[in-house]
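Presented below is the structure to which this report refers.
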Amino acid sequence: MRKKVVVLSTGGTIASAPAEGGRNVSGALQGAELVSKIELHADIEVEVRSVFQKPSNAITLADVAALREACLSIIAEGQVCGIVITHGTDTLEDTAYYLESSLDAADVAIVVTGSQRVPHAMGTDAYVNLKNAILTAASEQARGLGVLVVFNETIFSACFVRKVSSYQLNGFDAPGYGFLGLIDNGAITLYQKPIRLPVLTPSGAVPAVDIIPVYLDARPLLLDAAVSGSAKGIVIDAVGRGHVPPTWVPSIERAIEQGVPVIVCSSTLHGPVFQAYEFAGSLHNLETAGAVGISGLSARKARIRLTLALAAGNGTDRASLLSAFGATA
């Protein structure tokens, strides 16, 4: 029996064509043209559909919601064992985590891939990444693992994958957590399985959630502007164990008083936030004021998670926020 995989194309480097001046036009190639240039096992049937064609820096939450709906529609059709999404690498991890957090597809593998080099470049990774993504999506081993990212012959969980190089072929990694498996000449080997967080089903309007970065002597102006600009949630990309400059504390307190939930993550590549200190701007100080520290997610992924939690109607009290992030007090 043939295994059916649906490829959803969204543009990106993997779908680029040459332009004048030596540059490239992202999203100029259709998914069907990419698939036509790879050789697959005879027992794999591939159908290609285009959701949108754009560089991933231009993708919006509305686009990702449409991509989620496309996945749900395919799953509802039945007879499909896997879905592959081709995507630009700049925001690939954001889209993958949105789908990971909002789709419960235990019987259908969902794999996101892209490329660092355009298809017409010497040594392009476009075709090998696409082929490996299709092979993974068609494999029984990929069921129940959540959304996967396949890149450079490596399988990652959407929960922990990050873009780690702007141009090299090993463009993605999962610092501190590691890959799930490898693909070697078409053979898939898994070494670990991820623990998934609860699925969040958005039912209302997508709220604006902003990320505010912390750096040496940073002023709280961006934080104040986000709250004044009607942000419904704030994610602070804090330093170390979850720390901000002391001058930020009044702004964080005001945001929380106005009903804006504040999530605190660490900007380090791995390691949890923790109430290790009692100085002004420490995580202890912030959580006492009502902020919620979250470990194990980058700020970009915490933003996605908070956005979905609010869109799903979750409360903004500490217990509700911790529950949405799969954490406990």
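The alpha-carbon of Lys4 sits under 23 angstrom from the alpha-carbons of these lysines, leaving out residues fewer than 8 places away in its chain: Lys37, Lys131.
Can you give me the angle between helix 299-311 and the longest principal axis of the chain, using Cα atoms only, in degrees from 0 to 90, rounded to the nearest 10? Once rounded, one gets 80 degrees. Angle of helix 61-77 to the longest C-alpha principal axis of the chain, folded into 0 to 90 degrees and rounded to 10: 50°.
Taking the average, over residues, of other Cβ atoms within 10 Å as the packing measure, peptides 307-320, 176-189, 83-96, 127-140 rank 83-96, 127-140, 307-320, 176-189 from highest down. Centre-to-centre separation between the Cα atoms of region 273-329 and those of region 94-143: 30 Å. In vacuo Debye scattering of region 209-324, one point per C-alpha: log10 I(q)/I(0) at q = 0.14, 0.17 Å⁻¹? The computed values of log10 I(q)/I(0) come out as -0.47, -0.72. For Rg and Dmax of the Cα atoms in Å, the choices are (1) 30.5, 103; (2) 20.7, 68; (3) 20.4, 64; which was calculated from the structure? The calculated read-out lines up with (3). Paramagnetic label reach from Asp107 (point 7 Å along Cα→Cβ; backbone nitrogen cut-off under 20 Å): within region 71-91, residues 71-84. Phi angles of region 278-289 translate, via the Karplus equation with coefficients 6.51, -1.76, 1.60 and θ = phi - 60°, into HN-Hα couplings of 10, 6, 4, x, 6, 4, 4, 4, 5, 6, 4, 7 Hz per residue; Gly and Pro are given as x. Rounded to the nearest whole Hz, the Karplus-based 3J(HN,Hα) values (6.51 cos²θ - 1.76 cosθ + 1.60, θ = phi - 60°) of region 96-111 follow the sequence 4, 6, 4, 5, 4, 7, 10, 10, 10, 10, 5, 9, 10, 6, 10, 10, with x at glycine and proline.
FYI, it's all coordinate maths here, none of it is from the lab. Bear in mind that the values here come from a model prediction, so they are computed numbers and not experimental data. Counting neighbours? That spans all protein chains shown, and the Cβs are built from the backbone with ideal geometry, glycine included.
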